[in-house]
Amino acid sequence: TTHPVKRIAFAILLMLQSPSKSLIVYVQKIPIGSATGLDSGGRDYFGVSLQNLTTGEILLLCDHVYTGYSIKFNPNHTLKRRDTLLADLHRRGILPDNTYLAEYNCALSLAADHRPVY
């Protein structure tokens, strides 16, 4: 069975490529901490809108929804968590090599502290 975070993230990644009404409504209504929807969550946690979220950031938001993992407080730990989620999707064949490598090598910047973490 695929982990629920991976299912949610995969559905969202598909939605960004080919939007369906039901996924768009879900993405707009999902509670993420004090935010509602991925757009608001992206702005709150990463300082960017939904259209500018990276795959890794979307994975972290989905992980936060499912597990309650705190994104804001430890940037180094959050980077490791993102890399673990990316590696899992890559290993399962969901993320192609080029996307995985680009995301893995991308710095992570949180809205609370815009200094990039590598």
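Quick notes
- Test result for residue 36, modelled with pLDDT of 85 or more, β-branched (Val, Ile, Thr) and over 12 Å from the mean Cα position of the chain (by Cα): yes
Yes/no matrix, rows are residues, columns are (1) open to solvent by less than 60 Å² (accessible area, probe 1.4 Å); (2) within 24 Å of residue 118 (Cα to Cα); (3) part of a helix (DSSP H, G or I); (4) at pLDDT 85 or above:
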{"site": "22", "(1), (2), (3), (4)": "no, no, yes, no"}
{"site": "26", "(1), (2), (3), (4)": "no, no, yes, no"}
{"site": "45", "(1), (2), (3), (4)": "yes, yes, yes, yes"}
{"site": "48", "(1), (2), (3), (4)": "yes, yes, no, yes"}
{"site": "56", "(1), (2), (3), (4)": "yes, yes, yes, yes"}
{"site": "66", "(1), (2), (3), (4)": "no, no, yes, no"}
{"site": "77", "(1), (2), (3), (4)": "no, yes, yes, yes"}
{"site": "80", "(1), (2), (3), (4)": "no, yes, yes, yes"}
{"site": "87", "(1), (2), (3), (4)": "yes, yes, yes, yes"}
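- Among the candidates 104, 66, 100, the residue that is within 16 Å of residue 35 (Cβ to Cβ) and among the hydroxyl-bearing types (Ser, Thr, Tyr) is uniquely 66.
- Residue tally, condition farther than 19 Å from residue 47 by Cβ, in a helix (DSSP H, G or I), among the charged types (D, E, K, R) and in contact (Cβ under 8 Å) with a residue 12 or more places away in the chain, over the range 89-118: 0
- If you go through the range 34-43 and pick out every residue that is under 15 Å from residue 110 (Cβ atoms) and open to solvent by less than 40 Å² (accessible area, probe 1.4 Å), you end up with 3.
- In a residue-by-residue description of the range 8-20, the property of being within 13 Å of the chain's Cα centre (by Cα) and at pLDDT 90 or above applies to no position.
The values are calculated or read from the model by the stated rules, or taken from the named source; none is laboratory data. Bear in mind the structure is a predicted one, so any value in this text is a computation, not a measurement. Glycine also receives a Cβ, built like all others from the backbone with ideal geometry; neighbour counts cover every protein chain displayed. Accessible surface areas use protein heavy atoms only, side chains included; no ligands, DNA or RNA. Shrake-Rupley method; radii C 1.70, N 1.55, O 1.52, S 1.80 Å.
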